[in-house]
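Rule-based calculations on the coordinates, nothing more; no lab input. Quantities reported herein were computed from a predicted structural model and do not represent experimental measurements. Cβ atoms come from the backbone with ideal geometry, glycine included; neighbour counts cover every protein chain shown.
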Amino acid sequence: MSTKQFVTFRIDRHLLGLDVLGVREINRVVDMTPVPRAPDHVRGLVNLRGQILTVFDLGTRLGLGARRIGRSTHNVILKSDAVGLLVDAIGEVIQADLEDIETPPANVGGIEGEFIDGVVKLEKELLVILSADKLLNHRASRSTDVAGL
């Protein structure tokens, strides 16, 4: 039986996850420089050990509203692009059997379905698996590049 591991995090009450193989690191939110005239979901730029990263507000990106930065707020840094995702709180790494990953419904609790790869029913809640590619490449009626700028 094949399994997959997911880094989990929260946006509001939602438990969300990304394939662990696509996540470079998770860190605390550092000072961000705003980007004038950027799309709403672009929160700003950060300098992470000499690399400039674009930080997406994942709540805004998913249609759940802007995140308020607090003590538990973190950036999930993706491997493939110079992008961090601003999340409310970090969860744990969850392993799921591939056969337990179900096709996502059109909409899960207000999250736009176009960003969802699947769902996994856990003991007490639903894990919504996001597609990093879809989050980065979506063009919502405006012309943007991969970094959303």
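Annotations for the structure displayed:
- Rh by Kirkwood over Cα pairs, then Stokes-Einstein D for the chain at 1.306 mPa s and 10 °C, µm²/s: 102
- Size of electric dipole in segment 16-149: Cβ of Lys, Arg +1 and of Asp, Glu -1, about Cα centre, debye, nearest 20: 780
- When you filter the trypsin sites (Lys or Arg not before Pro) in segment 1-68 for DSSP loop state and at most 13 other Cβ atoms inside 10 Å of their Cβ, you are left with R13, R37, R49, R68.
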